[in-house]
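Single-structure report; data block below.
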Amino acid sequence: MIIMNRYSLHMLLVLATITPLHAEKKAVFIIGTGRCGSSCTAKVLNIMGLPLGDQLKPDKITNPKGFFEDVPTIELTAAMLAKMNALFSKPLFIEWDNHPDKVLFKAQIKECLQKHFSSFPFFGIKNPIIALFLPLYCQAAQELGYTPKIVIIKRDLEETYLSWEKIFKRLTRDQVIYAVDCYLKAMARYTPDYDCLEVNFDDVLHNTRHTAEKFRAFLPELQPYESVQDQINAFLDKDLKHHNNTPLSS
């Protein structure tokens with residue numbers, strides 16, 4: 001027989017309130033066109049309590065505050081793109097229903113999620129390329145017992161184009177427009193099948209409290225804005241936008 005004192009019972013009740021025994025497992029995919037503010041948004045979500053994995057890509061001049069992208073996911077998406085002779089900067093819009101690589105890619109995604117995120121009942125992955133593979137990521141997550149939730153970052157298109165041109169200096173404007181359109185087309189095609197939240201990058205920067213409240217309404221597991229406000233304000237730099245960055249030759 002197990003005997004509990006009043007303190008032990010109280011602690012069990014507290015723990016049950018914080019982590020329900022049958023809490024829904026969620027996989028949050030943070031996507032956009034690339035160069036759209038998804039890194040900044042991912043970090044805000046992370047500060048509010050969304051785990052992003054244990055192996056994050058380090059910052060560099062193109063994202064001086066960090067990318068907040070899971071390295072194994074970066075490597076996997078790059079390999080899948082390469083198999084189709086594509087790149088992040090030269091993507092393809094793919095119809096997955098009868099695609100010959102669908103089963104293989106979904107199995108690889110499932111293996112990656114299981115290996116790197118199975119210890120998290122609630123986690124996020126920020127990677128714009130996931131937009132191109134979204135149904136495969138969502139189906140893999142569902143097969144592992146997770147409910148997929150999609151956060152879509154929107155940004156003024158002209159600012160997005162300028163940011164792409166600064167980073168991918170060798171791309172023409174037409175090539176940039178084509179690349180961005182591939183991501184937009186993929187999101188328009190695949191996100192209606194899942195539970196999604198759209199946020200605007202400018203709102204993340206300039207209407208932060210309201211945006212954080214939207215995040216928490218969409219993901220109740222997150223901390224209230226008031227409890228992490230100082231951390232978010234310390235991270236956000238309203239003058240740091242990608243189209244002001246130093247260009248790279250790539």
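Of note:
- The stretch 42-87, subset surrounded by 19 or more Cβ atoms within 10 Å (Cβ to Cβ) and in contact with a Cys (Cβ under 7 Å, 6 or more places away or on another chain), residue nearest to R216 (Cα to Cα): T73
- Criterion applied to E143, E213, E221 was being over 19 Å from S39 (Cβ atoms), in contact with a Gly (Cβ under 9 Å, 6 or more places away or on another chain) and either modelled with pLDDT of 95 or more or among the charged types (D, E, K, R) (or both), and the one residue passing it is E221.
Quick grid of which residues meet (1) modelled with pLDDT of 80 or more; (2) part of a helix (DSSP H, G or I); (3) touching a helix residue (DSSP H, G or I) at 6+ places or on another chain (Cβ under 9 Å); (4) more than 28 Å from I177 (Cβ to Cβ):
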{"residue": "M11", "(1), (2), (3), (4)": "no, yes, no, yes"}
{"residue": "V14", "(1), (2), (3), (4)": "no, yes, no, yes"}
{"residue": "L21", "(1), (2), (3), (4)": "no, no, no, yes"}
{"residue": "G53", "(1), (2), (3), (4)": "yes, no, yes, yes"}
{"residue": "F67", "(1), (2), (3), (4)": "yes, no, yes, no"}
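- Any hit, the stretch 121-130, residues being of a type in the set (K, R), touching a strand residue (DSSP E or B) at 6+ places or on another chain (Cβ under 9 Å) and in contact (Cβ under 8 Å) with a residue 24 or more places away in the chain: yes
- Residues satisfying the stated conditions in the stretch 125-160, i.e. touching a Pro at 6+ places or on another chain (Cβ under 7 Å) and more than 16 Å from Y183 (Cα to Cα): C138, A141, Q142
- P91 vs. criteria surrounded by 19 or more Cβ atoms within 10 Å (Cβ to Cβ) and in contact with a helix residue (DSSP H, G or I) (Cβ under 6 Å, 6 or more places away or on another chain): yes
The values are calculated or read from the model by the stated rules, or taken from the named source; none is laboratory data. Just so you know, these numbers come straight off a predicted model, no measurement behind them. Every residue, glycine as well, gets a Cβ built from its backbone with ideal geometry; the counts of neighbours run over all protein chains shown.
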